[in-house]
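A quick write-up on the structure given underneath.
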Amino acid sequence: MSKIEKTAAKFDIGQVVKHRSFPFRGVVFDIDPSFSNTEEWWLAIPEEIRPSKDQPFYHLLAENEEAHYVAYVSEQNLIVDNSGEPVDHPEVESLFGQLQNGKYELGIYLN
């Protein structure tokens with residue numbers, strides 16, 4: 001197994017982010033230092049937009065115009081959401097406290 005250099009994550013748990021290319025946003029609730037999903041999931045991404053595995057991947061409580069869901073997104077495909085708007089995902093309240101300056105406070109169970 002090759003050794004993957006550990007990279008510091010650009011985004012933090014509780015931070016509100018949005019996808020660089022697709023119309024969804026969410027709050028980070030977990031971070032993998034490098035790809036940690038199935039090979040099948042990775043291969044399902046069209047090759048021309050498939051991200052590198054050796055970067056942080058973020059678990060998001062995500063939302064778009066039609067639904068709430070959990071997303072798994074590479075760091076290269078995320079940018080900060082500066083809207084100041086809360087994420088309306090139904091699980092946000094169970095994990096986080098108040099939204100301040102684009103970042104949710106960690107909830108009681110995560111401190």
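The values are calculated or read from the model by the stated rules, or taken from the named source; none is laboratory data. These numbers come from a predicted model, not from an experiment. Neighbour counts run over all protein chains shown; Cβ positions are idealised from the backbone, glycine included.
Entry remark, the stretch 23-73: residues being surrounded by 14 or more Cβ atoms within 10 Å (Cβ to Cβ) and polar (S, T, N, Q) number 3 in total. Could you say whether any residue in the stretch 71-80 is acidic (Asp, Glu), over 19 Å from Gln98 (Cα atoms) and in contact (Cβ under 8 Å) with a residue 60 or more places away in the chain? For the stretch 71-80, residues acidic (Asp, Glu), over 19 Å from Gln98 (Cα atoms) and in contact (Cβ under 8 Å) with a residue 60 or more places away in the chain: present.
Within the stretch 29-45, residues that are at pLDDT 95 or above have Cβ atoms under 6 Å from residues that are surrounded by fewer than 12 Cβ atoms within 10 Å (Cβ to Cβ) and assigned to a loop (DSSP other than H, G, I, E, B) in these pairs: Pro33/Lys6, counting only partners at least 6 apart in sequence or on another chain. The one condition from (1) in contact with a Leu (Cβ under 8 Å, 6 or more places away or on another chain); (2) farther than 15 Å from Gln15 by Cα that Phe96 does not meet is (2).
The criterion of at least 3 residues that are of a type in the set (D, E, K, R) is met by the following strands (runs of 3 or more DSSP E) wholly inside the stretch 6-111: 25-32.
Within the stretch 99-111, residues that are surrounded by 14 or more Cβ atoms within 10 Å (Cβ to Cβ) sit with their Cβ atoms under 9 Å from residues that are at pLDDT 75 or above and of a type in the set (D, E, K, R), at 6+ positions apart or across chains, in these pairs: Leu99/Glu85; Leu99/Glu105; Gly102/Asp81; Lys103/Asp12; Gly107/Glu93.
Restricting the search to the stretch 24-43, which residues are of a type in the set (Val, Ile, Thr) and more than 24 Å from Asp12 (Cβ to Cβ)? Don't jump to the end; show me each part of the working.
From the stretch 24-43, those of a type in the set (Val, Ile, Thr) are 27-28, 31, 38; that's our starting set.
Within the stretch 24-43, Thr38 is the sole residue that qualifies.
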